[in-house]
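The values are calculated or read from the model by the stated rules, or taken from the named source; none is laboratory data. The structure presented is a predicted model; accordingly, all values stated were derived computationally and were not measured. Cβ sites come from the backbone with ideal geometry, for glycine too, and all protein chains shown count toward neighbours. Surface areas here come from the heavy atoms of the whole protein model, side chains and all, with no ligands, DNA or RNA. Shrake-Rupley method; radii C 1.70, N 1.55, O 1.52, S 1.80 Å.
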Amino acid sequence: MGRPHSPKKASADSPSLFDLLPPWEEDDRAEALVAKVVFPDGPPGDFDYLVPPELAGRLRAGQRVRVPLGKGNRLVVGYCVEVVSRPVGQRILKPIRHLVDDRPLLSPAMLRLTRWMADYYLCDWATVLETVLPAGVRHRAGLRLTTFWEPNPDALAKLDLTTLPPKQRLVLQILRDAKEPLTATQIQRLAKCSAGPITGLQRKGLLKGRAVRIRRQDIIEPAEPREPNLPLNPDQQKALDTILQVLHSGQHRTILLYGVTGSGKTEVYIQAIQEVLRFGRQAIVLVPEISLTPQTLQRFRARFDSVAVLHSHLTDAERHWQWERIASGRVQVVIGARSAVFAPVPHLGMIILDEEHEPSFKQQQAPRYHAREVALQRAAAEGVPLVLGSATPSLESWHEAQEGRYIFVQLPRRIHDRPLPPVNTVDLRIENSGKKLVALSRPLYAAMRESLQEGGQIILLLNRRGFSTHIQCPACGYVLKCPQCDIALTHHRTQQIALCHYCDYHEPAPSACPHCQFLGILYRGLGTQRLEVEVRSRFAGVCCLRMDTDSMQARGAYDRALEAFRTGKVQILLGTQMIAKGLDFPEVTLVGVINADTALHLPDFRASERTFQLVTQVAGRTGRGPKGGRVLVQTFHPEHPVIQAAIRHDYPRFAQIELANRKAFGYPPFTRMIRLVVRGPHPTPTAEFAKLLAERIRQQLSGRQPPARLLGPAPAPFAKLRGLYRYHMLLQSPDGEQLRQAVRQATTDLPSLENIQWMADVDPVEML
């Protein structure tokens, strides 16, 4: 359940053994060392615990501790977030029992950042801490507890060694001759003995051991040949000079680098980071998860001595190893997805968000943070520049730049003055009139044949997985839906199942209508699997590869697929939005957008923005080499302003139109917004709880300035998801803190109903 952060203090519920000691004789002014602790799996808020004398010099904020909690005094792990010396009066505080960590896992700066996140995103502080610290770090993944043995001189002084068996005497001699303690395995190998002699010496107290956590295996980074800097054109040099001016000022500023696709933004990033390193500092580069390609890493590793990578495909052991490298200061550049914004670099000099518009920078589970906002807060707190780069900036960032709050830098031309590819539309209303639905229109099919004959490569975008997007009976109109989500099931022909893309429910694909038993049930709509079948049948002998989350589940599959395309083994690459950005292949001469309307009419105020960004980004994958390129966009609405702006590569025009609409209806960036979702197993009590919550919030907003607006509650666009009915409401105001205060106050002592949950999404990026 989503709950706002509400710190409170705790005293003993039931005395422990330590608590049964006689109370000290000091008066109310007596001071003690007190630690504030928050719990990932306990009650919200922070709780006071006494720091015992033996831990007074060892405990610091940022370490985990084991403390008694509740009336049963069960020992639980919590995070120490502050250590203070202050009067405790007559209160008897429970003591901290143990330290879990030898040193702090979080710096004071990171603790301040996580506290801000808890307040801003309306969640518990401990939830944020668990998100910031990867599981591999918390569990010390990749390490094992190993004991190193050495002779115990005190015990040996009292013993006649000649009384020991020969193998035990040999073990002692080996340990005496060794320059450092040895593990049992090392001793057995050197003494050519079993574990018996070592165990015998341990029992006699003749050996003393020291347990140390060591890594199971080290990770070797592939060496990359060093490459020189690329020459900058005047636009790139101007952008670099602007960034360096901010860097040399020693102050924080946010810079929006608006550059068309293929304009050389990455080279500007690299040369700016080189200047950061001259100051003895490090840089964090955030990219969408899907952009973590071999060519991206290769470019950075070819220019820097030490690059760390953080993304979701790492094992816990690999993530722990990277985390330790970063914290030690041995890493120059950290590249990663949204969670890399928390990388523990000791000397941060710059943060860069590439493709800053990407919705994947927003986390959809608590804490529902946006990496761009967290990066802004961290960069401001540490006084370093934040660079936001995109060919299709988010309207929030564009508006901030136009208002002068961000520094605006533009790269209006491609490298080597190559032209942006021409974009033409194909009207699907004409192409599909009276015909069986096909993925490839006649113009697109002809363009593909021409491109292949000329030795070019092709990218086809269809942002729908599966074979058919829905299964419907023409006799009775029945649509096969997920019983848990009330959403149409998608046909996946490879496994012959009907699959829910939200909860993974699946059932065998039916051959007849489950409702009326009609045998002519239809499989409608286009998915990437159907597109692949059509491409392979119409271009027999041409190597085609599909990239979507279904085909890229194996570890390393994404990297292998892009390598095959880069080396020319694959001529046609088709897939979902994962192929729409971050790729630079000069041999691509044609891009086809199979259906540009898939997201255009969703009930989401960002639908137009996402459509424009997706079409523009995938169009930018072609025309990057000497062969040039072209783009064909298939659409049922070629006259739509969003489509028209996209085919002209005219972001400023799109932003002008869309910002006017946002302002008229009170949507971001002109207001701040919080979306509240109430969910429960039964519709009526869930709806009643949503009404109660809405009424409490209305009371809190009443009479406040500036005026705020509450829309709803109403059924969410996906009214049932994973077995739970969903109602949502929107809060809008120019003052975001006003909204957060209203939610905090409205949810204080909010009555709870069994199995009904609520969650708050601050600055939501999707409304489904």
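Listed values, structure above:
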| quantity | calculated |
| --- | --- |
| Whole-number accessible area per residue in Å² for segment 357-461, which is evaluated in the context of all protein chains at 1.4 Å | 42 |
| Rounded if a/c under 1.5, otherwise prolate or oblate - the chain, Cα gyration tensor axes | prolate |
| Value at 222 nm in deg cm²/dmol, rounded to 500, when DSSP H runs of n ≥ 4 in the chain each add -39,500 (n - 2.57) | -9000 deg cm²/dmol |
| Rg over Rh, two decimals, segment 650-768 (C-alpha only, Kirkwood Rh) | 1.02 |
| Prolate/oblate/rounded call for segment 221-277, Cα gyration tensor, a/c under 1.5 rounded | oblate |
| Extension gain (nm, one decimal) between S511 and R189, 0.36 nm per residue minus Cα-Cα | 109.3 nm |
| Carbon plus sulfur fraction of accessible area for segment 236-298, probe 1.4 Å, in percent | 48 |
| Distance between modelled label sites at K204 and R330, nm, 7 Å Cα→Cβ extension | 4.0 |
| Percent accessible area from carbon and sulfur atoms, segment 423-484, protein chains only, probe 1.4 Å | 48 |
| Stretch gain in nm, segment E403-T549, where the contour uses 0.36 nm per residue and the Cα spacing is subtracted | 48.6 nm |
| Rg over Rh [alpha-carbon atoms, Kirkwood Rh] for segment 246-309 | 0.95 |
| Charge context of A645, other residues only, Cβ under 13 angstrom, K/R +1, D/E -1 | -2 |
| Rg and Dmax [Cα atoms of segment 353-469; Å; Rg one decimal, Dmax integer] | 20.9, 63 |
| Zone of D735's modelled label, taken as backbone nitrogen in segment 686-714 under 17 Å from a point 7 Å along Cα→Cβ | 697-710 |
| For segment 366-469, size of Cβ-based charge dipole, Lys and Arg +1, Asp and Glu -1, in debye | 500 |
| Separation between Cα centres of segment 542-593 and segment 47-91, rounded to whole Å | 53 |
| Cα pair distances in segment 480-620, grouped into 5 Å bins until the bin that holds the longest one, percent each | 2, 8, 14, 18, 19, 16, 12, 7, 3, 1, 0 |
| Distance histogram for segment 482-556 (every C-alpha pair counted, 10 angstrom bins, percent rounded to whole numbers) | 16, 41, 31, 11, 1 |
| Taking all pairs of distinct alpha-carbon atoms in segment 560-661, Kirkwood radius in angstrom | 14.5 |
| From phi via Karplus (6.51, -1.76, 1.60), per-residue ³J(HN,Hα) for segment 558-563 in Hz, x at Gly/Pro | 5, 5, 5, 5, 5, 5 |
| Accessible area of segment 65-215 divided out per residue, in Å², using a probe of 1.4 angstrom | 51 |
| Length-normalised contact order for the chain - Cα pairs under 8 Å, 6+ apart - percent | 11 |
| Net charge, V287 excluded, C-beta distance under 9 Å - Lys, Arg +1, Asp, Glu -1 | -4 |
| Cβ crowding within 10 Å averaged over residues, with 493-499, 644-650 ranked highest first | 644-650, 493-499 |
| Summed side-chain charge close to Q63 - residues other than Q63 whose Cβ falls under 9 Å, Lys, Arg +1, Asp, Glu -1 | +2 |
| Contact order normalised by residue count of segment 347-474, Cα under 8 Å, 6+ apart, percent | 18 |
| Simple label model, 7 Å out from Cα along Cβ direction - R536 to R176, nm | 7.3 |
| Where segment 524-604 is the region considered: accessible area per residue in Å², 1.4 Å probe | 39 |
| With every protein chain in place, segment 498-595: carbon and sulfur % of accessible area (1.4 Å) | 53 |
| Separation in nanometres of the label points that stand 7 Å from Cα toward Cβ, at E150 and H601 | 7.7 |
| ³J(HN,Hα), Karplus 6.51/-1.76/1.60, whole Hz, each residue of segment 229-243, x for Gly, Pro | 5, 7, x, 9, 7, x, 5, 5, 5, 5, 5, 4, 4, 5, 5 |
| Rg over Rh [alpha-carbon atoms, Kirkwood Rh] for segment 59-127 | 1.00 |
